[in-house]
Amino acid sequence: MASGWERFYFSTDEQIVSVWAAKVPVSEIPEDYFEEHYYDDDEYDDDGEIVERPFNQFSWDFGFGFYDYDFVETMGARSQAIADFSEIIARVSFSQSFFEPACAAAKTVGCEQTAWIIVIYNFNYDPSVTGTTETEFMRFVGAFSFDEKAGAVCDPVHGLPL
């Protein structure tokens, strides 16, 4: 992986959703792991180079510098600490259009059970560019086409089929 600013990857791609699943219980993920940092001024090191500062630790760990938080959705296990990936992904927006490939990918990468997921719409994460498929806390499940006209597989609050 490159060092410096060139290490960051950023790819917007409409109608693509990128999905990550927690590898640990939510209580083990640091509270500030997804906290966004906005900087007004550049900071420089002793050599006059701009100091890299992460948008948040999640994006830093996965090698992308920024994502549009307006296109983020998170969902967790409802009443227990861990649940089937399929039960959680079924409750996110537009999941009817990517439910089956996302569940198959979760099985392939070993995330059939998880406590929590994060999805970023209109963002095509590519681990072949960053070299990162997982961190201490999260595992990349995959990037999938989605349809904005599709609904969720299940009601987000009650988990009942729609």
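The values are calculated or read from the model by the stated rules, or taken from the named source; none is laboratory data. Fair warning: this is a prediction, and the values are worked out from it, not measured in the lab. Cβ atoms come from the backbone with ideal geometry, glycine included; neighbour counts cover every protein chain shown. For the accessible areas, the whole protein counts, side chains as well, though only heavy atoms, and no ligand, DNA or RNA atoms are used. Shrake-Rupley method; radii C 1.70, N 1.55, O 1.52, S 1.80 Å.
Quick look at the numbers
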| read-out | value |
| --- | --- |
| Amide H contacts of Ile16 (H built 1.01 Å from N, under 5 Å, at least 5 apart or other chain) | Asn122, Phe123, Phe146 |
| Protection-proxy order for peptides 88-95, 68-75, 108-115, each taking the mean of Cβ atoms within 10 Å per residue, highest first | 88-95, 108-115, 68-75 |
| Percent of alpha-carbon pairs separated by more than 18 Å within the stretch 77-162 | 42 |
| Surrounding net charge for Ile29, when Lys and Arg each add one and Asp and Glu each subtract one, Cβ distance under 13 Å | -4 |
| Mean accessible surface per residue for the stretch 106-162, computed with a 1.4 Å probe while every protein chain stays in place, in Å² | 50 |
